[in-house]
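One structure is given here, and the rest of the page talks about it.
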Amino acid sequence: MSGMDKSVGGAFGEREATRFAPSPTGEVHLGNARTALFNFLLARRSGGRFLLRIEDTDAERSREEHTTAVLEDLRWLGMEWDAGPDREDERGPYRQSQRSPLYARYFEVLEQQGAVYPCFCSPLELEVSRKAQLAAGRPPRYAGTCRNLSPEQRERRRSQGVAPTMRFRVPTGRRIEFLDFVHGAQSFLSDDIGDFVIRRADGSAAFFFSNAVDDACMGVTQVLRGEDHLTNTPRQLLILEALGLKTPSYGHISLIVGPDGAPLSKRHGATSVREYRERGYLPEAMANHLFRLGHSTAEHAFLTLDEMARAFDPAHLGRAPARFDEQQLNVWQKEAAHRLSADEARRWLSSVIPSELDERSVSAFIAAVLPNVVLPADAGPWIDIVFGGPLALQPAEEQLARNAGVEYFAAAANAAAQSGNDLAAIASAVKTATGKKGAELYMPLRVALTGRAHGPELAPLLKAMPPGKARERLARFA
Ligand code: GLU
């Protein structure tokens, strides 16, 4: 028989309530950031609500600093939540560690139904049983050791001082079906699911329980989360069914992998939002890349979050692993950098711009280099080139400049002094003096002025240079 029915899942269109429910046990990983973004967009596209719930019932692993970082990272990415740990409403509190009274009430309901029982198995006993099952070629699940203990047996264990966990008694012979809005129809047999812990020995609610109860109590309509939770869903449906609570729809998105196809991890480089932020990546760039990871869209242009919300379509969430690609991120990053206002660009590049530089020089410098930098660090060397002392040229560049000749540079230095560093005026003077055109005309200028054969456009770079410096650099070859 099936108590779970096919109406579980699927429906979109109503005002949705979604949530991001991180466990504050580490930095916000790019995969989590994408989950947050998709839930945010899913809510916004229907004018619905986006909730932020901190899943911190595991006191040992949860840290306040990680909760703070979650809030910071989401805000940095431009997401706001309608309710969360710093914005409580009547369905809160939004930290699970503060919801124990609610869990106790629902727990009691299950206890009264006989749907839970105390389990006295030690971690070691559980591990031995797990290994034995694996060795026998069976998928490991709780063997049911404490399922049918008599009241006397339970009493005896308690009196020995063993604090039990509480397990949910999974009904036998059931088929649990639901429609995953990413993966389609799902079917599980309850007999494949071992009785699972819903309350830890220290009395705190365990993940399966608190997560499911909260989704129902907070009115969540769509649960969009990582594929690693797909097999948890039948357990959560069983809990909600036993409690008579409303079930949300579930959708599970594929994990993010690195360029080599392996799950994104430290060995691929930076994996957390904080690392990217600290390197100077811009939130709009990150959001544009995440938006396209496992979500196909006809929108190929750079989008704002509002535009993403309009373009987001849960029917276009993919099942194939999504590849995080820093090259692609850099394409969005360039675009995001080009879109910065003068003030934003100044803040973005502040770490590389010396504070003693005057206003005019800073503005001219930013205008010159902004089109060419992906990260603030890329602008660093150009500070020295534009404002620093004499340049040390590589032999090839030195030769290139020398080959242009003394007459060339005498004309250039003179025009620089007279024109206030106007490239057109300098080039025209050199052309008149030497008859050179094209690369022959411009390359020696570039090399003498910047020490490099490549870089940002020369005219704005020249404008940013102190007048005396440009003349001096050109005169060096005269
Ligand atoms: N706290 C869980 C996690 O971070 C939440 C999973 C879910 O979204 O339901 O993986």
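For the stretch 46-75, the set of residues classified as part of a loop (DSSP other than H, G, I, E, B), open to solvent by less than 40 Å² (accessible area, probe 1.4 Å) and under 22 Å from residue 271 (Cβ atoms) consists of 55, 56, 62, listed by residue number. Selection of the stretch 294-308 for residues being of a type in the set (Asp, Glu) and part of a helix (DSSP H, G or I) yields 306, 307.
Going residue by residue through the stretch 105-121, is there one that turns out to be farther than 20 Å from residue 202 by Cβ and in a helix (DSSP H, G or I)? Before you say what the answer is, go through the steps one by one.
Step one: list which residues in the stretch 105-121 are farther than 20 Å from residue 202 by Cβ, which gives 109, 112-115.
Then drop every residue that is not in a helix (DSSP H, G or I), which leaves 109, 112.
Scanning the stretch 105-121, I find at least one residue that is farther than 20 Å from residue 202 by Cβ and in a helix (DSSP H, G or I), so the answer is yes.
Restricting 156, 141 to those that are farther than 30 Å from residue 322 by Cα, part of a helix (DSSP H, G or I) and not polar (S, T, N, Q) reduces the list to 156. Entry remark, the stretch 78-98: residues being over 16 Å from residue 19 (Cβ atoms) and part of a loop (DSSP other than H, G, I, E, B) number 1 in total. Within the stretch 267-293, track down each residue that is among the charged types (D, E, K, R), assigned to a helix (DSSP H, G or I) and modelled with pLDDT of 95 or more. Correct list: 274, 275, 277, 278, 284. Residues of the stretch 398-428 that are of a type in the set (D, E, K, R) and closer than 17 Å to residue 462 by Cβ: 422 alone. Touching a Gly at 6+ places or on another chain (Cβ under 9 Å) and within 17 Å of residue 38 (Cβ to Cβ) - does that describe any residue in the stretch 267-282? Looking for residues that are touching a Gly at 6+ places or on another chain (Cβ under 9 Å) and within 17 Å of residue 38 (Cβ to Cβ), one finds none in the stretch 267-282, hence no.
So in the stretch 165-181, with the set limited to residues that are of a type outside the set (D, E, K, R) and either crowded, with 19+ Cβ neighbours inside 10 Å or in a strand (DSSP E or B) (or both), which one is nearest to the chain's Cα centre (by Cα)?
Selected residue: 181.
The residue that is farthest from the ligand (Cβ to nearest atom), counting only those in the stretch 222-265 that are out of contact with any Lys or Arg (no Cβ under 8 Å at 6 or more places or on another chain), of a type outside the set (A, V, I, L, M, F, W, C) and assigned to a loop (DSSP other than H, G, I, E, B), is 260. Could you grab me the full set of residues in the stretch 455-474 that are surrounded by fewer than 18 Cβ atoms within 10 Å (Cβ to Cβ) and in contact with a Lys or Arg (Cβ under 8 Å, 6 or more places away or on another chain)? Selection gives 455 alone. Does residue 124 count as open to solvent by 90 Å² or more (accessible area, probe 1.4 Å) and not in a loop (DSSP other than H, G, I, E, B)? Against the criterion (open to solvent by 90 Å² or more (accessible area, probe 1.4 Å) and not in a loop (DSSP other than H, G, I, E, B)), residue 124 qualifies.
Here's the yes/no breakdown for (1) closer than 25 Å to residue 282 by Cα; (2) among the aromatic types (Phe, Trp, Tyr); (3) out of contact with any strand residue (DSSP E or B) (no Cβ under 8 Å at 6 or more places or on another chain):
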residue: 29; (1), (2), (3): yes, no, no
residue: 47; (1), (2), (3): no, no, yes
residue: 52; (1), (2), (3): yes, no, no
residue: 58; (1), (2), (3): no, no, yes
residue: 74; (1), (2), (3): yes, no, no
residue: 83; (1), (2), (3): no, no, no
residue: 98; (1), (2), (3): no, no, yes
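Here's the yes/no breakdown for (1) in contact with a Ser or Thr (Cβ under 8 Å, 6 or more places away or on another chain); (2) free of Cβ contacts under 8 Å to residues at least 40 places away in the same chain; (3) within 16 Å of the ligand (Cβ to nearest atom); (4) over 20 Å from residue 52 (Cα atoms):
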site: 149; (1), (2), (3), (4): no, yes, no, yes
site: 153; (1), (2), (3), (4): no, yes, no, yes
site: 163; (1), (2), (3), (4): no, yes, no, yes
site: 207; (1), (2), (3), (4): yes, no, yes, no
site: 213; (1), (2), (3), (4): no, no, yes, no
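The values are calculated or read from the model by the stated rules, or taken from the named source; none is laboratory data. Keep in mind that what you see is a predicted model, and the values were worked out from it rather than measured. Using ideal geometry, Cβ is built from the backbone for each residue, glycine included, and neighbour counts are taken over all protein chains shown. All accessible areas refer to the heavy atoms of the entire protein, side chains included, with ligands and DNA or RNA removed. Shrake-Rupley method; radii C 1.70, N 1.55, O 1.52, S 1.80 Å.
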